[in-house]
Each structure stands twice: as structure tokens, then as C-alpha cells.
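Engineer: Can you read through this structure? Questions will come right after.
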Amino acid sequence: MTSKQSELPGLTAAGLTKLKLAYKNMIARCTSDHPHYAKWRNKGIKVCDEWLNSRDSFISWAVLNGHQMHLSLDRIDNGGNYEPSNCRWATITQQLTNQDRCHVIEFNGKKQTLSQWATELNIGQSTLWRRLMQYKVPLAEALVPGKLHNWRHGTRAGYEHHNCRCELCTANNTLRHRLRRAKLRAKNEQLGT
């Protein structure tokens, strides 16, 4: 450790090693020509001059801004640069919910990812996804815990339980009863012979 780094409170040798690796990876993401880092370069993400020119400056910022061994460097705004005002130390869960591909849902003035809503409401994440994406359930209904009582036109549930008398429900109900009567007649004829 340099004398400047040894003055930082709570910084262990292992912590310093982790910060050096985080620094090295941050620089590589924004400056390397390696294809693995293309998504950072294509977005135009850069490292601020203060950090680019001084690893000690980055390490000082890290220690004074919540660095812990179980956290990793995260940009608050994914389209923003690596700079003190746009970086934080985050858990894996926080990082996974801070990605461009996350489905953010705003409801009653609150913005959260689909996975955060599912956790908060105790709904399975895949259940919530199906409700919104596959079944196109309105947001207010989809965010209600428990089973949804979905029914479709042309089903017995539509006609008998939801009292739908549209043409499709009525026609299918009539057909269902005709088939049932035909089965009963065939059974009675079989028993009678």
C-alpha cells in the first residue's frame, strides 16, 4: 500500500486488491479494443479524467463512498460515464435490476422493475410476466396477488359463471348441451339393447 492508501480508514490488503481489480476492469471496459467490451464503447461510456489519470483518486473515492468486499462498482445511470456522481457500490441484486434490459413498471407513481414488483407483492416473477406480456392483463389487475379469475369467451366459465351471453358463449353453450344430450341418448340406447 502507498502511504496515501494506508491512511484510508478500514482498507485491508484484500480490499485494496479488489479495488485495484475493479479499477483495472473499469478502465478496460472503456478503453480496450477487445470485442468483449464493445457494448461499453458503442454506448460511448468513458471514465472521468480524475479517475483515468489517478488510480489513487478512484480508490479514495471508493473507500469514502461505501466500498465493502461484497459490493461491486455500479453506474447509477447505465448510459452515463464512470464518474463519482454516477457510481455507487451495489449488491448483485441491485446491479441485476439496474440494466437496460430490465422491464421497468410505473404504478401509482412508483417505478420498479418487474422482479421488484413481484417480490414486493409476493407474486411469482414468471406469473407477473405472463399476466402483463402474454395475457395482456391491465396493470392494476396484474399487480394483485393471488389467482386471477380469467375466463375466455366461448367457454363454460364465460357462459355459466360470468353470465356472458355474447354470440360465441351462447353458441358454444348450445353446442356443449347438444353433445351432452347426444352422449346420453347413445348411452341410453346402448343400455336398452
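Engineer: Round to the nearest 10 and report in Å² the accessible area of His36, as given by a 1.4 Å probe over the protein chains' heavy atoms.
Structural biologist: Probe radius 1.4 Å; accessible area of His36 about 120 Å².
Engineer: Using a 1.4 angstrom probe and counting only protein chains, how large is the accessible area of Phe107 in Å², to 10?
Structural biologist: Using a 1.4 Å probe on the heavy atoms, I get roughly 50 Å².
Engineer: Report ³J(HN,Hα) in whole Hz for each residue of region 22-36, in order, from the Karplus equation J = 6.51 cos²θ - 1.76 cosθ + 1.60 where θ = phi - 60°; Gly and Pro get x.
Structural biologist: 4, 5, 4, 5, 4, 4, 4, 4, 9, 10, 6, 8, 4, x, 4
Engineer: Local charge sum around Val137 (other residues, Cβ-Cβ under 15 Å, Lys/Arg +1, Asp/Glu -1)?
Structural biologist: On the way: positive: Arg130, Arg131, Lys136, Lys147, Arg152; negative: Glu141.
Every neighbour counted, the sum reads +4.
Engineer: If you average the sequence gap of Cα pairs under 8 Å that are 6 or more apart and divide by the length of the chain, what percent do you get for the contact order? Before the final figure, lay out each step's value.
Structural biologist: Numbers: 166 pairs, mean separation 20.4, N = 193.
Relative CO of the chain lands at 11 percent.
Engineer: In whole Hz, with x marking every Gly and Pro, tabulate ³J(HN,Hα) for region 134-141 from phi via Karplus 6.51 cos²θ - 1.76 cosθ + 1.60, θ = phi - 60°.
Structural biologist: For region 134-141, the Karplus-derived couplings read 8, 8, 6, 6, x, 3, 4, 7 Hz, x marking Gly and Pro.
Engineer: To continue, here is another question. Quick one: pull the percent of accessible area on the chain belonging to carbon and sulfur, 1.4 Å probe, ligands and nucleic acids left out. Don't skip to the answer; put the middle values down first.
Structural biologist: Details: 6730 of 13030 Å².
The computed percentage sits at 52.
Engineer: Amide H to amide H under 5 Å from Thr113: which residues, 5+ apart in sequence or cross-chain, H placed 1.01 Å off N in plane?
Structural biologist: Excluding prolines and chain starts, which carry no amide H, the hits are Ile105.
Engineer: Just tell me which lysines come within less than 27 Å, Cα to Cα, of Lys43; anything on the same chain fewer than 8 places away is out.
Structural biologist: In chain and number order, the partners are Lys18, Lys20, Lys24, Lys111.
Engineer: Give me the accessible area per residue for the chain, probe 1.4 Å, as a whole number in Å². Can you show the working numbers first?
Structural biologist: Numbers: 13030 Å² over 193 residues.
With the other protein chains kept in place, the chain gives 68 Å² per residue.
Engineer: Residues with amide H under 5 Å of Cys87's amide H, sequence separation 5 or more or different chain, H placed in the peptide plane at 1.01 Å from N; which?
Structural biologist: Ile76
Engineer: Another question, then. Taking θ as phi - 60°, what are the ³J(HN,Hα) couplings along region 79-92 by the Karplus curve (6.51, -1.76, 1.60), each to the nearest whole Hz, with x for Gly and Pro?
Structural biologist: x, x, 7, 7, 8, x, 6, 10, 10, 8, 9, 10, 6, 4
Engineer: Only Cα pairs within less than 10 Å get springs; with that Gaussian network setup on the chain, which residue of Gly146, Gly44, Gly154 has the largest fluctuation?
Structural biologist: Gly154
Engineer: Mean separation of Cα pairs under 8 Å and 6+ residues apart, divided by the residue count of region 105-189: what relative contact order is that in percent?
Structural biologist: On the way: 56 pairs, mean separation 13.4, N = 85.
Result for region 105-189 is 16 percent.
Engineer: Among Arg180, Arg55, what's the order by accessible area (1.4 angstrom probe), most exposed first?
Structural biologist: Values: Arg180 150, Arg55 100 Å².
The most accessible residue leads, giving Arg180, Arg55.
The values are calculated or read from the model by the stated rules, or taken from the named source; none is laboratory data. Everything numeric here is computed off the predicted structure, so don't read it as measured data. Cβ atoms come from the backbone with ideal geometry, glycine included; neighbour counts cover every protein chain shown. Accessible surface is based on the protein model in full, side chains and every heavy atom, while ligands, DNA and RNA are left aside. Shrake-Rupley method; radii C 1.70, N 1.55, O 1.52, S 1.80 Å.
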